[in-house]
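What follows is a single structure, written as structure tokens, with notes after it.
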Amino acid sequence: MFIKYKSDNKAYISDDQLDAMELYLYRGIKVPAEVLDGERIPQMCLCTGCQSWCRGDRRNDWLWEMQCLGKCYDALNGRLQWQMQRLFKIKLLHEDGPFVEYWLSLALTTIPENLGILDAVSKYVQPRKAPGAIAFQVFSVENIVGCAHLFPEKSTSSKTGDGRNERWIVNSHIDLVTWNDVYN
């Protein structure tokens, strides 16, 4: 969905630009992620959409998407966990003549329960699927700050179940960066 006006996070795209648009689908992107000592290393985020990955189930990785800087969403520090559904690049003809590239992703969005405050019993952040109007969003891959690790509240096969889970738990124990970032 393209917005027909300009603001800080939206761009105007004319009908003429859409006519000359080129769309490229991708299955993965390397994202620079910060490790404990501040060094940035690449992490691979994969997205196969409906296609299988290595002759198995489809693979649509979860990632950290930066919403805003600061203490927004409490323990999540302004980040939300989103699951990539499609990864693509759009080339548009700019008004001045040259093509402009936009790297974008369509993602299943989540919102944190209890505003991102740790659950009193489990001590985990529990995101849930966003409501219908914002359940899927297109965003710039520049907002990806790393791969996220979630496990579903109810276990289902990815062949039948990506959309069946309504809640997840952030797996903070899979790497020290997530543990120190979210549960410090």
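Exposure proxy shown here: for 73, 26, the number of other Cβ atoms within 10 Å sets the order, fewest to most, as 26, 73.
Estimated at 0.36 nm per residue, the fully extended path between residue 40 and residue 113 surpasses their Cα-Cα distance by 23.3 nm.
Peptides 105-111, 41-47, 86-92 ordered by packing proxy, namely the average of other Cβ atoms within 10 Å per residue, highest first: 105-111, 86-92, 41-47. Amide H contacts of residue 118: 75, each under 5 Å away and 5 or more positions distant or on a separate chain (H built 1.01 Å from N in the peptide plane; Pro and chain starts excluded). With neighbours defined as other Cβ atoms within 10 Å of a residue's Cβ, the residues 119, 61, 19 order from fewest to most as 19, 119, 61. Within the shell defined by Cβ-Cβ distances under 10 Å, the residues around residue 91 carry a net charge of -1, with Lys and Arg each +1 and Asp and Glu each -1. Local charge for residue 25 was computed over the other residues whose Cβ lies under 9 Å away, with Lys and Arg +1 and Asp and Glu -1, and equals +3. With 25 Å as the limit on Cα-Cα distance, the pairs of 30/123; 30/89; 123/154; 30/91 that go past it are 30/123.
Taken together, the values in this text are just the output of simple stated rules run on the coordinates, not laboratory data. Since we're looking at a predicted model, the values are computed, not measured. Reconstructed Cβ throughout: ideal geometry from the backbone, glycine too, with neighbour counts over all protein chains shown.
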